[in-house]
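This report refers to the structure that appears directly beneath it.
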Amino acid sequence: MKKALSAISIAVRVLLILFVGILLIYNIYVMVAKLAYKQQMPVFLGFATAAVLSGSMEPAINTGDYIVTLAKDSYEVGDIVMYENDGVYTTHRIVEETEEGFRTMGDNNGGSVDPWIVHEEDIVGEVVLVLRGFGNVAAFCQTPLGMFVIVVAAALIWVLCDLVSRKKTKKEPSHEEKEN
């Protein structure tokens with residue numbers, strides 16, 4: 001029992017370090033890209049993320065969802081893409097390809113095609129992952145306060161693992177006590 005608990009404690013700590021480390025590195029990258037390099041939508045290894053603020057893509061993507069996009073070499077009709085248009089980032093489905101670019105439309109926009117053409121260079125990427133209802137949490141985690149809360153929560157979990165591990169160690173008698 002002691003060995004199993006110790007292994008679980010070590011596994012939890014390793015996963016915690018990996019999760020918090022990756023999250024903090026990503027958040028710092030995004031903050032630096034936004035503040036120092038004035039990138040509105042930072043892309044990391046071809047991936048970009050965003051919290052969804054409108055219901056234009058419901059039911060495929062809902063308000064409050066969190067999306068992950070991946071930049072591709074080409075896009076086609078049916079792809080759901082995030083693109084920039086006059087400083088605003090929008091996530092809509094490609095419904096037509098023209099010589100000038102793409103026509104897009106929100107699934108929940110009543111069949112109304114967007115009045116502008118989306119050029120391939122304005123596309124951030126295709127939506128590859130939708131995390132339901134995680135948008136508000138993710139947006140908070142990307143703030144300085146959110147990062148502080150993550151570090152404090154991770155430290156508390158670490159301490160709890162340590163306390164549980166020590167408590168179990170004290171409860172179990174040693175080999176000498178078992179023999180007596």
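The values are calculated or read from the model by the stated rules, or taken from the named source; none is laboratory data. Note that the structure is predicted; figures quoted are calculated from it, not measured. Glycine gets a Cβ as well: all are built from the backbone with ideal geometry, and neighbour counts include every protein chain shown.
Filtered by the rule that a residue be under 19 Å from Val43 (Cα atoms), part of a loop (DSSP other than H, G, I, E, B) and aliphatic (A, V, I, L, M), region 62-78 gives a lone residue, Ala71. Scanning region 79-121 for residues that are among the small types (Gly, Ala, Ser) and either part of a strand (DSSP E or B) or in contact with a helix residue (DSSP H, G or I) (Cβ under 9 Å, 6 or more places away or on another chain) (or both) yields one hit, Gly101.
Set side by side, the residues Leu35, Leu45, Leu16, Leu5 differ, and just one is under 15 Å from the mean Cα position of the chain (by Cα) and more than 28 Å from Gly110 (Cβ to Cβ), which is Leu45. The residues of region 122-169 that are part of a strand (DSSP E or B) and loosely packed, with under 14 Cβ neighbours inside 10 Å, listed by number, are Val128, Leu129. The set of residues from region 82-112 being among the β-branched types (Val, Ile, Thr), modelled with pLDDT of 95 or more and either out of contact with any strand residue (DSSP E or B) (no Cβ under 8 Å at 6 or more places or on another chain) or farther than 17 Å from Glu58 by Cβ (or both) comprises Ile94, Thr98. Among the conditions (1) of a type in the set (Gly, Ala, Ser); (2) assigned by TED's automatic domain parsing to the domain that holds Val128; (3) closer than 23 Å to Leu145 by Cβ, the only one that Ala60 does not satisfy is (3).
Does region 18-32 contain at least one residue that is of a type outside the set (Gly, Ala, Ser) and modelled with pLDDT of 90 or more? Yes, some residue in region 18-32 is of a type outside the set (Gly, Ala, Ser) and modelled with pLDDT of 90 or more.
Filtered by the rule that a residue be farther than 16 Å from Leu70 by Cα and either touching a strand residue (DSSP E or B) at 6+ places or on another chain (Cβ under 6 Å) or among the charged types (D, E, K, R) (or both), region 117-127 gives a lone residue, Val118.
Restricting Leu53, Leu23, Leu16 to those that are surrounded by fewer than 16 Cβ atoms within 10 Å (Cβ to Cβ) and not β-branched (Val, Ile, Thr) reduces the list to Leu53.
Candidates are the residues of region 62-80 that are within 25 Å of Met31 (Cβ to Cβ) and in contact with a strand residue (DSSP E or B) (Cβ under 6 Å, 6 or more places away or on another chain); the one that is surrounded by the most Cβ atoms within 10 Å (Cβ to Cβ) is Thr69.
I'm trying to understand the selection: among the residues of region 54-79, which are in contact (Cβ under 8 Å) with a residue 40 or more places away in the chain and more than 25 Å from Phe140 (Cα to Cα)? Lys72, Ser74, Tyr75, Asp79, listed by residue number.
Could you tell me how many of the residues in region 29-52 are assigned to a loop (DSSP other than H, G, I, E, B) and touching a residue at least 60 places away in the same chain (Cβ under 8 Å)? Residues flagged as assigned to a loop (DSSP other than H, G, I, E, B) and touching a residue at least 60 places away in the same chain (Cβ under 8 Å) within region 29-52 amount to 4.
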